[in-house]
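Here the structure is laid out as C-alpha cells; the discussion comes afterwards.
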Amino acid sequence: MASAGRPTRFTALVGDATRTVEVLALDDGRFQVTLDGTVRVVDAARTGPSSWSLLIDRATTEVSVIPKGDGFAVELAGKTHRLRLLDDRAMRARQNAGPGDREVRAAMPGKVVTVLAAVGAQVEQGQGLLVIEAMKMENEVPAPRAGEVKEIRVQPGQTVEAGELLAIVE
C-alpha cells in the first residue's frame, strides 16, 4: 500500500460521504493514517484471511475487510460499511468526467486485471468498468457517465498504455 517515506493518498467513498485518506507505512506493521486531516498511528496485525486487529490510540478493535464488486465491505463494531478507494488519478478522472464524455481511456500504463461490466450492461456514473494494475496497485476504472456499455476493447491480462481507449459508454 504505502511505501516507506512516501504516503499513499486516496479518496474514500463511504456511503454518500467522501473522506480524504493518507497512509504512510512506518515499521513493524505500523502505519501513520491521516483521515480528513486527523493523524493517527495504527498498529495492524492480521488475525485471519480478511480480518485485522488494530491498535489505535491505545484502543484495540477488530475489523474485517472483504472485497465486494468495485469496493470493500468493512465490518467494524458489528456494522458493515461499503467502501470504495480512489487514488488521485481515479478521483481526478471521476471529477473531470462530464455528462458528454463517452470514451474510457487508461490514465496510466498497466495490465488489465479484470473486466467488471459487459457490453450491453447499464451502468451508473462512477461504477467500475474494469480494474488495471499499475505500479503494484489495482486501480478501478469508473464509468464516466450513466448509460450502456457499447464497447469493451480490452481483456484480462492485456497490457495497456496511457491514453489507450478501453471502453465506450453511451
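Bear in mind that the values in this text are calculations on the coordinates, not laboratory data. Here the structure is a predicted model, which is why all the values come from computation and not from measurement. Neighbour counts run over all protein chains shown; Cβ positions are idealised from the backbone, glycine included.
Points to keep in mind about this one:
- The relative contact order of the stretch 97-169 comes to 43 percent, based on Cα pairs under 8 Å that sit 6 or more residues apart.
- In the list [x] 17.1, 55; [y] 17.3, 52; [z] 18.2, 65, the label attached to Rg and Dmax of the Cα atoms in Å as derived from the coordinates here is [y].
- Placing +1 on each Lys and Arg Cβ and -1 on each Asp and Glu Cβ, with no other charges, gives the chain a dipole about its Cα centre of roughly 120 debye.
- Each residue of the stretch 128-142 was assigned a 3J(HN,Hα) from its phi angle through the Karplus curve 6.51 cos²θ - 1.76 cosθ + 1.60 (θ = phi - 60°); the sequence is x, 9, 7, 10, 10, 8, 9, 6, 6, 10, 8, 10, 7, 9, x Hz, with glycine and proline shown as x.
- Fewest-first ranking of Lys150, Lys111, Lys79, using other Cβ atoms within 10 Å as the exposure measure: Lys79, Lys150, Lys111
- Lysine pair count for the chain (Cα-Cα distance under 22 Å; residues 8 or more apart in sequence or on different chains): 5.
- Relative contact order, whole percent, for the chain stands at 16, derived from Cα pairs under 8 Å and 6 or more residues apart.
- Counting Cα-Cα pairs of the stretch 14-68 in 5 Å increments starting at 0 gives whole-percent bin shares of 5, 18, 20, 28, 21, 8, 1.
- Every helix of 4 or more DSSP H residues in the chain counts as -39500 (n - 2.57), and over all residues that averages to -1500 deg cm²/dmol at 222 nm.
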